[in-house]
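Written below as structure tokens is the structure these notes are about.
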Amino acid sequence: MRVDVVTIFPGMFDAILGESMMKRAQENGHLSLGLWDLRDYTHDSHRSVDDRPYGGGPGMVMKPQPLFDAVEDIKQKTSEGPSGQLKSQTILLSPQGEKLTTSLAQELAVQEQLIMVCGHYEGVDERVRTELIDRSVSIGDYVLTGGELPAMVLIDALMRYVPGVLGHEKATEEESFAQGMLEYPHYTRPQDFKGMQVPQVLLSGDHEEIARWRKEQAYLRTKKLRPDLLS
Ligand code: SAM
């Protein structure tokens, strides 16, 4: 899949893209990532992407022109030959968007291309949201200073559902939220750590019993930590 990010801070993405799973996903051809500096689409000497809000008030608003030009340019430059463009969705990272969940990540992971727009200041001019953006995504009910961290969270969350990225697809089937519950607890060596023991059932080799125990533990910890998931 292709992900293109429109940002005024492309350097922020170095933090995740050159490491771990994200690096491997690019090397293996599962992820093709493009970073586009919004300031390259400005026409003034200050390369300004924002302006004062109509009606007054604090803060600045991201101007529509650089954003419209950037998205149009990305679609043009990333189109596959003369036959046409990739099927793409343009996503605005916004605290006002639909909340990121496992099912939203799975839905977005099957797209050919996602163009992610990172906001700043008070956010984007409303005409961007209504005319340029296909959907808005929030990573939670709190406000960050910019859309770069939310975009990285979204890329990480959805990459896990792109076939081949994790290398073991079953990993996403049992994890938290996949079955509407939190995942069961995990243990590794040593069997005795400072007097704290690994539950006996996990050492038994009885796979049916282990599966039953894990299911029960998943239920109990969900009931304790996230009862809202059970209702
Ligand atoms: N004035 C806006 C409001 O009250 O809804 C908040 C703007 S915020 C300071 C600047 C940018 O950070 C947003 O345009 C968005 O791109 C990003 N952002 C902040 N919080 C976010 C969240 N929870 N999820 C996704 N993006 C967020």
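Remarks
To keep it simple, each residue is scored yes or no on (1) crowded, with 18+ Cβ neighbours inside 10 Å; (2) away from the ligand (no atom under 16 Å from the Cβ); (3) modelled with pLDDT of 95 or more; (4) outside any helix (DSSP H, G or I).
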{"residue": "L67", "(1), (2), (3), (4)": "yes, no, yes, no"}
{"residue": "V71", "(1), (2), (3), (4)": "yes, no, yes, no"}
{"residue": "I74", "(1), (2), (3), (4)": "yes, yes, yes, no"}
{"residue": "E80", "(1), (2), (3), (4)": "no, yes, no, yes"}
{"residue": "S83", "(1), (2), (3), (4)": "no, yes, no, yes"}
{"residue": "L86", "(1), (2), (3), (4)": "no, yes, no, yes"}
{"residue": "T90", "(1), (2), (3), (4)": "yes, no, yes, yes"}
{"residue": "G97", "(1), (2), (3), (4)": "yes, no, yes, yes"}
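- Test: residue in segment 74-85 that is farther than 21 Å from L132 by Cα, in contact (Cβ under 8 Å) with a residue 40 or more places away in the chain and over 24 Å from the mean Cα position of the chain (by Cα): no
- Index of the failed condition, V143 passing every other in (1) out of contact with any Ser or Thr (no Cβ under 9 Å at 6 or more places or on another chain); (2) over 28 Å from P95 (Cβ atoms): (2)
- In segment 163-211, the qualifying residues are those that are small (G, A, S) and in a loop (DSSP other than H, G, I, E, B), and the one that is surrounded by the most Cβ atoms within 10 Å (Cβ to Cβ) is S176.
The values are calculated or read from the model by the stated rules, or taken from the named source; none is laboratory data. As the structure is a prediction and not an experimental result, all values here were calculated from the model. When we count neighbours, we look across all protein chains shown, and the Cβ atoms used for this are built from the backbone with ideal geometry, even at glycine.
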